[in-house]
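No value in this document is a laboratory result; all are computed from the given coordinates. What you see is a predicted model; the values in this text were computed from it and never measured. All Cβ positions, even for glycine, are placed from backbone atoms using ideal geometry, and neighbour counts span all protein chains on display.
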Amino acid sequence: TCAKCRRVVYCSPACQKAAWKGGHKQECEELQQERGTGSGRAAAQEALRAALFGTTKKLQLEKQMQVSMKMNELHSSNKYWDVLKMVEEGLAVAEELRSESPGIAAIHYYMLGDSLIGCQEYAWGLRLLELARALAVEAGNRSVLGKVLSSLGAYHERQGEHAKAIAQYKKSRAINMELGNRQGGAAVSSNLGTCYMSLK
């Protein structure tokens, strides 16, 4: 009996080899597909697996997009406490994106870290900002790096560490000016002025 399609019977191994070369090879594949066994079934299973993976990936991307947009909307409006209500979702999305898209993950860690600093959750906020900085550097995302450095400057300024704040603000201002972001550069310059005044 043919081991693949199990539909054809031979009188001897020699006869089976001759039939295989004589055309059963193609016929065997068709019989397997009809029966749903062997490589025919494997191909169908592979197609199903690919479709399911595609659907799962699409759903995952949609969820990531929803979380990202909501967090960005809240963070841009300085609604830091509302951002913190999304901290579990935000961290989950950041972790999912971390290896494939470190630059996008950096944005999530930045928004969460900056919001935590804004809500005086300094230790946790600082950890996330440091992670955001490392990922922004890894991805070469200068825009995010500039924002992270500004947020780190704000952290140090709130701690009364004005010299450290100035160092971070200067790096942030340089990046903003390099990228032509005059508004960002102006905001950081204002923070620098406040720090220098605090140092008299």
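What's the local net charge at Ala134, with K and R +1, D and E -1, over the other residues with C-beta under 13 Å away?
Working: positive: Arg98, Arg127, Arg133; negative: Glu130, Glu138.
Spelling it out: positives minus negatives among the neighbours equals +1.
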In a shell of Cβ-Cβ distance under 15 Å around Cys119, excluding Cys119 itself, what net charge do Lys and Arg (+1) and Asp and Glu (-1) give? +1
Hey, rough spin-label estimate for Val9 and Val87, points 7 angstrom out along Cα→Cβ, what's it come to in nanometres? 7.2
If we sort 78-85, 3-10 on the protection proxy, mean other Cβ atoms within 10 Å, highest first, what's the order? 78-85, 3-10
Gaussian network model of the chain, Cα springs within a sub-10 Å range: biggest mean-square fluctuation belongs to which of Glu27, Glu96, Glu88? Glu27
Quick one: what are the phi-derived ³J(HN,Hα) couplings along region 80-86, Karplus 6.51/-1.76/1.60 with θ = phi - 60°, whole Hz, x for glycine and proline? 5, 5, 5, 4, 5, 5, 9
Nearest 10 degrees, 0 to 90: helix 102-118 Cα axis against the chain principal axis: 40
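Which order do the peptides 178-185, 100-107 come out in when sorted by mean C-beta neighbours inside 10 angstrom, highest first? Spell out each step's value before the answer.
Working: 178-185: 13.5, 100-107: 19.6.
Most protected by this proxy first, the peptides run 100-107, 178-185.
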Can you work out the PRE-style zone for Glu178? Point 7 Å along Cα to Cβ, and I want the residues of region 121-147 with backbone N under 12 Å. 137, 140-147
Ordered by residue, what ³J(HN,Hα) values in Hz, to whole numbers, does region 168-179 give under the Karplus form 6.51 cos²θ - 1.76 cosθ + 1.60, where θ = phi - 60° and Gly and Pro are x? 5, 4, 4, 5, 5, 4, 4, 5, 4, 5, 4, 8
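Quote the relative contact order of region 92-152 in percent (integer), defining contacts as alpha-carbon pairs under 8 Å separated by 6+ residues.
Details: 77 pairs, mean separation 20.6, N = 61.
That works out to 34 percent.
Rounded if a/c is under 1.5, else prolate if a/b beats b/c, else oblate: with a ≥ b ≥ c from the C-alpha gyration tensor eigenvalues square-rooted, which is the chain?
Here the chain falls in the prolate category.
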Overall form of region 106-200 per C-alpha gyration tensor (a/c, 1.5; a/b vs b/c): oblate
Hey, what do the phi angles of region 188-196 turn into as Karplus ³J(HN,Hα) couplings, whole Hz, using 6.51/-1.76/1.60 and θ = phi - 60°, x for Gly and Pro? 5, 4, 4, 5, 4, x, 4, 5, 4
Report the Cα centroid-to-centroid distance between region 62-77 and region 100-129 in angstrom, as an integer. 14
Using the Cα centre as the reference, give the magnitude of the dipole from point charges on the C-beta atoms of region 117-200 (Lys, Arg: +1; Asp, Glu: -1; all else neutral), rounded to the nearest 20 debye. 220
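If you put +1 on each Lys and Arg Cβ and -1 on each Asp and Glu Cβ, how big is the dipole of the chain around its Cα centre, in Debye rounded to 20?
Working: 27 positive and 20 negative charges, 99 e Å.
In debye, rounded to 20, the chain gives about 480.
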Long-range HN-HN contacts of Leu179 with modeled amide H, under 5 Å: none
